Amino acid sequence: MNQAQTGQAKVRVDKWLWAARFFKTRSLAAGAVSAGHVAIGGHKVKPARTVQVGDLLVIRVGFFEFVVRILALSEQRGPATVARTLYQETEASLAKREQVQAERRSLNLQGNRPEQRPDKHERRKIRQFLKKE
């Protein structure tokens with residue numbers, strides 16, 4: 001049974017981030033909070049900090065930043081459809097995230113993928129080229 005059903009008003013921030021599926025494991029969530037990638041009300045917090053319904057979280061995951069308002073609490077990780085009901089992302093955050101994603105797509109940092117893998121001769125040329133730099 002999750003926290004919203006039991007009526008308890010507080011959950012650790014690392015547990016909530018894990019239950020809301022922002023991070024794959026609780027230890028990754030705790031590490032991100034410890035590294036300063038999560039802020040509540042504009043202040044960086046520790047993993048044991050409790051969150052309540054209505055708190056505004058700023059979460060950085062990779063290149064993206066989420067600004068979410070907590071709608072429900074849960075200590076248990078459930079299906080993605082349930083996890084999406086735990087929070088509501090702000091419109092500005094959603095627009096900014098989509099803009100960053102579009103910019104990254106347009107830059108195409110990795111370039112086009114080759115049609116086939118390099119053969120032995122091409123691999124030798126690549127290694128030789130990389131050793132010169």
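The values are calculated or read from the model by the stated rules, or taken from the named source; none is laboratory data. Computed from a prediction, not measured in an experiment: that's the story for all the values here. All Cβ positions, even for glycine, are placed from backbone atoms using ideal geometry, and neighbour counts span all protein chains on display.
A quick yes/no check of all residues on (1) surrounded by 10 or more Cβ atoms within 10 Å (Cβ to Cβ); (2) farther than 30 Å from L57 by Cβ; (3) over 16 Å from the mean Cα position of the chain (by Cα); (4) charged (D, E, K, R):
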site	(1), (2), (3), (4)
E89	yes, no, no, yes
L94	yes, no, no, no
V100	yes, no, no, no
S106	no, no, yes, no
R113	no, yes, yes, yes
P118	yes, yes, yes, no
R123	yes, yes, yes, yes
F129	no, yes, yes, no
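Taking every residue in region 105-118 that is more than 28 Å from F64 (Cα to Cα) and outside any helix (DSSP H, G or I) and pairing it with any residue that is modelled with pLDDT of 70 or more and not hydroxyl-bearing (S, T, Y), at least 6 positions away or on another chain, the pairs with Cβ-Cβ distances below 7 Å are P118/I126.
Give the residue, chosen from E75, E98, that is of a type in the set (D, E) and assigned to a helix (DSSP H, G or I).
On the way: E75 fails: assigned to a helix (DSSP H, G or I).
The match here is E98.
Among V67, V82, V53, which is the only one that is surrounded by 10 or more Cβ atoms within 10 Å (Cβ to Cβ), in contact with a strand residue (DSSP E or B) (Cβ under 9 Å, 6 or more places away or on another chain) and not in a strand (DSSP E or B)? Break it down into steps so the answer makes sense when it comes.
On the way: V67 fails: not in a strand (DSSP E or B); V82 fails: in contact with a strand residue (DSSP E or B) (Cβ under 9 Å, 6 or more places away or on another chain).
Within the list V67, V82, V53, the selection yields V53.
Among the residues of region 24-37, those identified as in a helix (DSSP H, G or I) and farther than 15 Å from S74 by Cα are S27, L28, A30, G31, A32, V33, S34. Within region 74-94, does at least one residue satisfy the condition of being in contact (Cβ under 8 Å) with a residue 12 or more places away in the chain and of a type in the set (F, W, Y)? Yes, region 74-94 contains at least one residue that is in contact (Cβ under 8 Å) with a residue 12 or more places away in the chain and of a type in the set (F, W, Y).
Would you be able to say whether some residue in region 42-60 is touching a residue at least 24 places away in the same chain (Cβ under 8 Å) and in contact with a Leu (Cβ under 6 Å, 6 or more places away or on another chain)? Within region 42-60 (the criterion being touching a residue at least 24 places away in the same chain (Cβ under 8 Å) and in contact with a Leu (Cβ under 6 Å, 6 or more places away or on another chain)), the answer is no, since none of the residues qualifies.
Would you confirm, using the coordinates I've provided, whether R21 is at positive phi and either in contact (Cβ under 8 Å) with a residue 40 or more places away in the chain or in a strand (DSSP E or B) (or both)? Steps first, answer last, please.
On the way: at positive phi: yes; either in contact (Cβ under 8 Å) with a residue 40 or more places away in the chain or in a strand (DSSP E or B) (or both): yes.
Against the criterion (at positive phi and either in contact (Cβ under 8 Å) with a residue 40 or more places away in the chain or in a strand (DSSP E or B) (or both)), R21 qualifies.
Kindly provide the set of residues from region 52-67 that are of a type in the set (G, A, S) and under 14 Å from L86 (Cβ atoms), ordered by number.
Looking only at region 52-67, we keep the residues that are of a type in the set (G, A, S), and these are 54, 62.
Selection gives G54 alone.
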